[in-house]
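First comes the structure, then the notes that go with it.
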Amino acid sequence: MEEPIKAERATVEFFDGLTVDGYRMPDGEFRIGLAGASRILGYSDRWLRDAVTGETPRTAKALEGIGFSENIEKVLGQSNQGNQFEDTTINLDDFNCCIIYGVQAKRKAAIALQKSFTKLALNDFFRDAFGEPPLSIEQKRDLFYKTYAASISPEDWRTMDKQEILRLALPGDEPHLRRGKWNSWSDDI
C-alpha cells in the first residue's frame, strides 16, 4: 500500500453550519475526504467509501457513467489539536460527479448544493459582464446560505431558523431571553 501524501488541511465553510474538511496537496490540487463528501451530500459517512471499494457496485457503476475517475489518494493531515491522521480523498472533479449523482437520486442536500453553486457561478459571470466587482467571500456565503436554505424542505428550513434564533440569544443575555426564549410566551416575563 502506498504511503499517504502529506497534505494541508483546512475547514471549507460554505456557511455557518455547512462545512467540510478540505485538503491542499503539495502540487496545489484541492481534495475532499470520502466521509465529508458523503455527509455534505446527505448520505451516511460510508456511502462513497462503499462505492469506491466495490461494496455498492451499482453506485460505483452509476458514478463511473457520470465521469467519476476514482482518483483516490490517501492523505496525511493534521487535526486542529495538532494530531496527525489519515484520510482518503477524491479530487473536486470527482466530487462534482458525486453532486450530480445525488441530484439525480433526488437527495435534498445535493440539490441544495447544486443550486447554490450554480447561483454563485451565474452571479459571478453576470456581475463580470456588467462590470460589477465580484462579491466578497462573506457576500458569497450569504448568497449560498439563502439559496441552500430555500432549496431544502420547509421542515429543514424551520430547523435552520430555530438554530439561528438560538445563536442570537448570546450568553449574558437576561435569563428570560436565553436560548431563544424571547419569542415564547411565559408568565414569568
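The values are calculated or read from the model by the stated rules, or taken from the named source; none is laboratory data. If you're wondering where the values come from, they're calculated on a predicted model, not measured in any experiment. Because the Cβ atoms are built from the backbone with ideal geometry, glycine has one as well, and the counts that use them run over all protein chains shown. Remember, those area values only see protein heavy atoms, side chains included, never the ligands or the DNA or RNA. Shrake-Rupley method; radii C 1.70, N 1.55, O 1.52, S 1.80 Å.
Some notes on this structure:
- Surface share of carbon and sulfur [accessible, 1.4 angstrom probe, percent] for the range 5-102: 47
- The phi-based Karplus calculation (6.51 cos²θ - 1.76 cosθ + 1.60; θ = phi - 60°) puts the 3J(HN,Hα) values of the range 88-101 at 9, 10, 10, 7, 5, 5, 5, 4, 4, 4, 5, 5, 4, 4 Hz, whole numbers, x for Gly and Pro.
- Phi angles of the range 25-34 translate, via the Karplus equation with coefficients 6.51, -1.76, 1.60 and θ = phi - 60°, into HN-Hα couplings of 6, x, 8, x, 5, 9, 9, 10, x, 4 Hz per residue; Gly and Pro are given as x.
- Label-point separation in nm, ASP124 to ASN83, each point 7 Å along Cα→Cβ: 3.6
- Taking every alpha-carbon pair under 8 Å whose residues sit at least 6 apart, the range 1-150 reaches a relative contact order of 21 percent.
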